[in-house]
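The values are calculated or read from the model by the stated rules, or taken from the named source; none is laboratory data. Values in this document were obtained by computation on a predicted structure and should not be read as measured data. Glycine gets a Cβ as well: all are built from the backbone with ideal geometry, and neighbour counts include every protein chain shown.
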Amino acid sequence: MSPTRRLVTVIASLGLALGSLVAAPAMGSAATNSFVATPNGMVGVQQEVTVRAPSLAGQVATISFSSGSLTNAGQTAINSQGFGSLAWTPTTAGTWTIAGSGNSSAIGSTTISVAAMPTTTAALVPNLVQTGVDNPLTIVVSAPIGVLPPTGTVTLRNQFQNQIGSGTLVASSGTTSTATISWTPATNEAVTAFYTPAAGAGFLPSQSGQYEPVFTTAQVPIALRFPGTLYVGSPTIIGGQTGFGVTAGSAAFFFDGVGIIGSTPTDANGGISAVWTPPTSGVHTISTQFTSNDGRFTGTSSQAVNIQPAKPKDTISVTPAGGSPWPSGAPIPDRAGTSVNLTVTTGSGATAVLSEVGPCIINGSTLTALSAGQCTVTATSPGSVTVMPATSTYVVSVTAPPRKNRNR
């Protein structure tokens, strides 16, 4: 099934938090106090949609999701308190309308914004390349968070911006996609890979750094390949690439002479890929040893690399309208029945998304306290090329509104 069709996962139970809520502020029909609410989102990141429909208690509510020509629907059971919930993963960026549908139309609707997912692109270029023959290059495009792999095409260009190859991404694992591009250099070239998202896919374009391999006219038994920049603590794809005419085999990999990846077989393109996490910064040597299965080819390849210190985590700030940024870790006072608009900023400039657990709801960027208790609000940033994804958690302590004096 296409990712654009896998929009909704039904959650059968609401859990204790929703089950203990009292009547919500009017967000839908004034007569039934019904509403549908969910935060502004990001493509590929699952979020919760909260539904209140007292008139449908004990029944199933149908909720529709629409953005442009894309329309889908999901269902949720409404509990005895009139609440329901379902999980939703947006698959395209832009404005989404979420509404009760069919017998649930009285629930009303809400409109939210969904941001595109940032990406990173790396070209696994061999450190030694033979001219005049086919050299397969693997391009890796990844999303930093979420559940969807990027879709679209990648293009390889030289230092003069001339296109020297292109390919279509294929989902690899998790949030990573790859493409293999054939490259036959006639002379020395520096190469850069560019990612172009598929139309409506909801991912942001990205490009790799520029790679400048060493060129030779001799056959290359094995060459190392790895991203242009390595960071301590950040898992990365490293590997090798056998040369033109070299038969299938396997290779092992070493870091400063110590084995890090055991014997790994070549794939159909003569490539070898494995995930490795650099343990320490500074200048170090990565090497590989290759032997073909038929014993005709053997070789080694080494490369000095300057591993960078660990990436810092992104910084996040959540600020209520007219107030100061929320402190992380200290209780934030609030009162049931009140609403406040929240602004989220990050040090990287990336869009952050909000989620909530407890007797509150977030609709778009507005937090509404429904009843007394503790609401845990989490802001999540996907980070950037130079900073790691991050989360920041805030505890909102909600008190009941003052009781009215009935003697007056």
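Contact map, region 328-347: residues that are on the phi > 0 side of the Ramachandran plot paired with residues that are of a type outside the set (Gly, Ala, Ser), Cβ distance under 6 Å, separation 6+ or inter-chain. Pairs shown: 337/25; 337/401.
Within region 367-392, being in a strand (DSSP E or B), buried (at least 19 other Cβ atoms within 10 Å of the Cβ) and not small (Gly, Ala, Ser) holds for 367, 368, 375, 377, 380.
Condition check ((1) farther than 19 Å from residue 148 by Cα; (2) in contact with a Lys or Arg (Cβ under 9 Å, 6 or more places away or on another chain)) across all residues:
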position	(1), (2)
68	yes, no
84	yes, yes
88	no, no
92	no, no
100	yes, no
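Of all residues in region 45-64, those satisfying the criterion of being among the polar types (S, T, N, Q) and either part of a strand (DSSP E or B) or crowded, with 24+ Cβ neighbours inside 10 Å (or both) are 47, 50, 62, 64.
Where strands (runs of 3 or more DSSP E) fall wholly inside region 261-310, the ranges with 1 or more residues that are touching a His at 6+ places or on another chain (Cβ under 8 Å), aliphatic (A, V, I, L, M) and touching a residue at least 60 places away in the same chain (Cβ under 8 Å) are 298-307. With a requirement of 3 or more residues that are closer than 26 Å to residue 351 by Cα and at pLDDT 95 or above, the strands (runs of 3 or more DSSP E) lying completely within region 148-211 that satisfy it span 152-158, 176-183, 191-197. Would you mention how many residues in region 362-408 are farther than 23 Å from residue 329 by Cβ and hydrophobic (A, V, I, L, M, F, W, C)? The qualifying residues number 3. One residue is enough: does region 121-138 have a residue meeting the conditions outside the structural domain of residue 299 (by TED's automatic domain parsing), hydrophobic (A, V, I, L, M, F, W, C) and under 19 Å from the mean Cα position of the chain (by Cα)? Yes, region 121-138 contains a residue that is outside the structural domain of residue 299 (by TED's automatic domain parsing), hydrophobic (A, V, I, L, M, F, W, C) and under 19 Å from the mean Cα position of the chain (by Cα). Against the conditions (1) buried (at least 19 other Cβ atoms within 10 Å of the Cβ); (2) over 16 Å from residue 138 (Cβ atoms), residue 205 satisfies every one except (1).
Identify the residue in region 102-138 that is hydrophobic (A, V, I, L, M, F, W, C) and surrounded by fewer than 18 Cβ atoms within 10 Å (Cβ to Cβ) and, among all such residues, is nearest to residue 207 (Cα to Cα). This residue is 133. Restricting region 315-373 to residues that are in contact with an Asp or Glu (Cβ under 6 Å, 6 or more places away or on another chain) and of a type in the set (Val, Ile, Thr), which is farthest from residue 97 (Cα to Cα)? Filtering region 315-373 for residues that are in contact with an Asp or Glu (Cβ under 6 Å, 6 or more places away or on another chain) and of a type in the set (Val, Ile, Thr), the one farthest from residue 97 (Cα to Cα) comes out as 346.
Taking first residues from region 115-135 that are at positive phi and partners that are assigned to a loop (DSSP other than H, G, I, E, B) and surrounded by fewer than 24 Cβ atoms within 10 Å (Cβ to Cβ), the Cβ contacts under 7 Å between residues at least 6 apart in sequence or on separate chains come to 132/184; 132/186. Taken over region 144-167, the residue count meeting the criterion of being over 24 Å from residue 89 (Cα atoms) and in contact (Cβ under 8 Å) with a residue 12 or more places away in the chain is 10. Of note, residue 328 does not satisfy the criterion of being modelled with pLDDT of 95 or more and not assigned by TED's automatic domain parsing to the domain that holds residue 45. Within region 65-93, being assigned to a strand (DSSP E or B), at pLDDT 95 or above and hydroxyl-bearing (Ser, Thr, Tyr) holds for 66, 67, 76, 85. Checking each residue in region 311-324 for being assigned to a loop (DSSP other than H, G, I, E, B), surrounded by 13 or more Cβ atoms within 10 Å (Cβ to Cβ) and either β-branched (Val, Ile, Thr) or without any contact (Cβ under 8 Å) to a residue 40 or more places away in the chain (or both) picks out only 315. In region 139-164, which residues are more than 14 Å from the chain's Cα centre (by Cα) and surrounded by fewer than 21 Cβ atoms within 10 Å (Cβ to Cβ)? Passing the criteria: 152, 153, 155, 157, 158, 159, 160, 161, 162, 163, 164. Residue 84 falls short of the stated requirement of being out of contact with any Cys (no Cβ under 7 Å at 6 or more places or on another chain), in the same structural domain as residue 42 (by TED's automatic domain parsing) and surrounded by fewer than 22 Cβ atoms within 10 Å (Cβ to Cβ).
Only one entry in 258, 246 is outside the structural domain of residue 129 (by TED's automatic domain parsing), surrounded by 14 or more Cβ atoms within 10 Å (Cβ to Cβ) and aliphatic (A, V, I, L, M), namely 246. In summary, residue 5 fulfils each of the numbered conditions (1) at pLDDT below 50; (2) closer than 12 Å to residue 107 by Cβ with the single exception of condition (2).
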